[in-house]
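To start, the structure under review is shown below, and the notes come after it.
Just so it is clear, none of the values below were taken in a lab; they were calculated from the coordinates. The model shown is predicted, which means the values in this text are computed figures rather than measured ones. Using ideal geometry, Cβ is built from the backbone for each residue, glycine included, and neighbour counts are taken over all protein chains shown.
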Amino acid sequence: MSEAGVPTEEQLREALAKIKVADVLVETMQGLASLGYHRLNAETRDLEQTRLAIEALKAIGGVLVGVVPADLTRDFNQVVANLQLAYASAAAESS
């Protein structure tokens, strides 16, 4: 660390070298799932945004098969299925 408490360029490079793309994608999926559910709330409903979150989750999930542990893939597939059901229910309410 520099005297000001800011990481040096070398420390940032070392930290970046430790980050795995799979870890970033898993975090992205967690955020997308949260946003997708948030957009189903009556106060913040935006079905197009939820649909987009679902499609992105499916795409990223497919890329992670065989890269992350199988139980994590299974859990994310369940999240996608639950979000799809909640989306269908919200869409039916909106009609």
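General remarks:
- Residues (of a type in the set (G, A, S) and either within 16 Å of the chain's Cα centre (by Cα) or closer than 19 Å to S95 by Cα (or both)) located in the stretch 35-81: G36, A42, A53, A56, A59, G61, G62, A81
- The lone criterion from (1) of a type in the set (V, I, T); (2) part of a helix (DSSP H, G or I); (3) farther than 20 Å from S95 by Cβ left unmet by V6 is number (2).
- The residues in the stretch 28-51 that are of a type outside the set (F, W, Y), surrounded by 10 or more Cβ atoms within 10 Å (Cβ to Cβ) and assigned to a helix (DSSP H, G or I) can be counted, and the count is 15.
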